[in-house]
Amino acid sequence: MGSLLNVDYNDELTRLRVHEIVKYFQRLGIPLKLAKIPNDVIADAFYIHYRTPVLREEPQEEEALWHLFLKTYLSTEVYQEVSKISRYNYSVSKSASVKTVESIQQSPL
Amino acid sequence: VDELISKVSQVRKTLDSHFFKFSDEVMASLTAVLVRENFILIGPPGTAKTMLVASISKLLKARWFYRLLTKFTEVEEVIGPIDVVELLKGNVKRIYTNSIVEADFALLDEIFNASSAILNTMLTILNERVIYDGGQIIPVKTWTVFGATNRIPDEEELQALYDRFPLRVFTKYAQPDETEQLIKAGLRLRRDFDKLTPIMTMDEVKKLHEYIQSYTYENMDTVAKHISPILASYLDHVVISNRTRVKVPLYVVAYLMVLGIKPRDIDAATLRAATLKVLKYLVRDREDLAEYESFLAAHMPGGLSVLYDMVSEIKALISNNALSIAKEKLKEAYELLDKSLADPVTYRFFQVEMEEIKSTLEMLKSQL
C-alpha cells in the first residue's frame, strides 16, 4: 500500500502510469531494481508531482521510511518549484518521478 | 471530395441512428471500407454483426456475399461450383456468379470454423484478392472482407488468418438497464431496413479511397509527425505489427473523413484525436482492449486525461474517507468538464467519453 490518500493503487490508470514509467526507465537505459522499488512507490513518485499529494497520517510500519522520505521531499524548495510545473502535466511528472525513484535507488537504505 | 465526405458521413449517421450503441462498429467498418482493409467483428451471436454489413451494403449500393462457415462448408460454397456442362465437354470451369468473387462485400461468419481448404483459399483472397483455381489465377472483385467470429483463435495455424484482419471491433450485448432503448432501436431497424436507400455508390467509395491514399502520401511528413508519438507510446502496451503500423495513417485519414472532416480542416489536433480513436481497432483481444481504455484515459487531449485522473482521485479520496478534499476535487472536476464540453474538437471526438465522465461524476456526487 502506498503513502497517498488520494491514489487508488489498484486502479487501471495507476497501473498503466507505473507501467509507462518502468518502460521510460528502460528507454533511458537506467536500471530499475524492481525488487527494491515496489509499484506503489513508483505510483507515489509520480502522483506527488501530478496531483496535490495528500499523505496518510499513519503509515504502515514497512513504509515508514518511504513516508518520511516523501514528507521531507514535499517540504523542500526543490519540490515546491517542480510541482508548479508538474501538476497535471504528464511528461514533467513522469520525468520528475524518474528522478525521485532514482534517488531512492541510489540511497543506501 | 467534399461531397463524397459528406455522403460517407451521412452513411455513418444513418447507421448510427439505426443501431444501438454501435458507433465503434460503424466507424471501424466504414474506415475499413474506405481503406479497402479487411475487418473483423468479434462477439457473441445476436449482436447485429450481419445486419450491420447488410445495412452498409444497402447504403453503398453494394453487392454482398454472406456465408456461415463450418468445418463441413465446401470451397464451392464460397468461390462457386464447377460448371457441369463445361465439365462434360472436358473443360474445368467454375461459375463465379453469386460467389465471393463477384461481390463487393463479403461477410464470412464464424470464419475460424472453416476447413483448411477454405482457409487457404481465404488467405489469398484476403492478401491478394485473387484465387488460385487449378491452373488459373482468378481476380476477386471483393472490395472489403468482413469476418465475424465468436472467439479469437488460439490455434497457431489460424493466427495467420487472424492477422489478415488488422481492424477489429469487439461487440457485446447491451446492459440489462439498456433493454428499453435497445428494443426501440432494434424495432426501428427492422421497420426501416427495407426502406434504406443508397446514399453512396461503390464507384464513389473507390474515388474517396483513391483520394485518401493520395492525401496521405502528399502529407506524409505531417501525418507521420503527429501520429507516430501516440502510436509509439501505445506500443508500450499493445503489440502492433510493422505492416499494420505503416497503414495507421491511412486508417486515421479515413476515420476523419467518415467523421465528416474535410481535408482543409485536418490539423494536428484532429490527427492526434483520430489516432487515439483508431488505436482501439488495432487491439488483439479483450485484454488489449482494457489496456486501450486506460491508455486513452491517460493520453486524451485537452483536459480530458486530467478529468479521468480526477475521477480516479475522487474515488480514492472517498474510499479513504477524505470527504472534504473529495468535494473540492469534485467541484474542480465539474469546472474542467464544462471547459472540455466547450472545446469543439474534444467534443466531436470524445463525446461518448465525456458522457461517461459526466455520469461517473454524478454518481460520485450522490455518494458524497
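The values are calculated or read from the model by the stated rules, or taken from the named source; none is laboratory data. A quick note: this is a predicted structure, and the numbers were derived from the prediction, not measured. Cβ atoms come from the backbone with ideal geometry, glycine included; neighbour counts cover every protein chain shown.
Tabulated results
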| read-out | value |
| --- | --- |
| Selection status of B:K71, surrounded by 15 or more Cβ atoms within 10 Å (Cβ to Cβ), of a type in the set (K, R) and either at pLDDT 95 or above or out of contact with any Lys or Arg (no Cβ under 8 Å at 6 or more places or on another chain) (or both) | no |
| Hits in the stretch B:320-335 (condition: within 13 Å of A:L5 (Cβ to Cβ) and either without any contact (Cβ under 8 Å) to a residue 40 or more places away in the chain or more than 10 Å from every other protein chain (Cβ to nearest Cβ) (or both)) | B:N320, B:N321, B:A322, B:L323, B:S324, B:I325, B:K329 |
| Positions within the stretch A:29-69 being of a type in the set (A, V, I, L, M, F, W, C) and in a helix (DSSP H, G or I), in sequence order | A:V41, A:I42, A:A43, A:A45, A:F46, A:I48, A:A64, A:L65, A:W66, A:L68, A:F69 |
| In the stretch A:28-60, residue farthest from A:Y73 (Cα to Cα) [restricted to those that are more than 9 Å from chain B (Cβ to nearest Cβ) and of a type in the set (K, R)] | A:K33 |
| Sole exception among (1) under 20 Å from the mean Cα position of the chain (by Cα); (2) closer than 29 Å to B:K7 by Cβ; (3) free of Cβ contacts under 8 Å to residues at least 12 places away in the same chain for B:L187, by number | (1) |
| Criterion: exposed (fewer than 13 other Cβ atoms within 10 Å of the Cβ), assigned to a helix (DSSP H, G or I), of a type in the set (V, I, T) and more than 11 Å from chain B (Cβ to nearest Cβ) - qualifying residue of A:T72, A:T100 | A:T72 |
| Unique match (being surrounded by 17 or more Cβ atoms within 10 Å (Cβ to Cβ), within 14 Å of another protein chain (Cβ to nearest Cβ), at pLDDT 90 or above and part of a helix (DSSP H, G or I)) among B:L317, B:L361 | B:L317 |
| Tally, over the stretch B:307-366, of residues that are in contact with a strand residue (DSSP E or B) (Cβ under 9 Å, 6 or more places away or on another chain) and within 24 Å of B:V252 (Cα to Cα) | 0 |
| Cβ pairs under 7 Å, 6+ apart, first in the stretch A:1-24 and facing another protein chain (nearest Cβ under 9 Å), second among the aromatic types (F, W, Y) and surrounded by 20 or more Cβ atoms within 10 Å (Cβ to Cβ) | A:L4/A:Y47; A:V7/A:Y47; A:L13/B:Y308; A:L16/B:F295; A:R17/A:F46 |
| Qualifying position, being more than 12 Å from every other protein chain (Cβ to nearest Cβ) and either among the hydrophobic types (A, V, I, L, M, F, W, C) or touching a residue at least 12 places away in the same chain (Cβ under 8 Å) (or both), among B:S366, B:S340 | B:S340 |
| Hits in the stretch A:79-89 - residues which are part of a helix (DSSP H, G or I) and either of a type in the set (S, T, N, Q) or over 13 Å from the mean Cα position of the chain (by Cα) (or both) | A:Q80, A:E81, A:V82, A:S83, A:K84, A:I85, A:S86 |
| Residues of the stretch B:255-314 that turn out to be in a loop (DSSP other than H, G, I, E, B), within 21 Å of the chain's Cα centre (by Cα) and either within 14 Å of another protein chain (Cβ to nearest Cβ) or of a type outside the set (D, E) (or both), as a count | 8 |
| Long-range neighbours under 6 Å by Cβ, at least six apart or interchain, first residue of a type in the set (A, V, I, L, M) within the stretch B:248-272, second outside any helix (DSSP H, G or I) | B:L256/B:I266 |
| Selected residue (only one of B:V238, B:V223, B:V205 is within 14 Å of chain A (Cβ to nearest Cβ), among the β-branched types (V, I, T) and over 18 Å from B:R348 (Cα atoms)) | B:V238 |
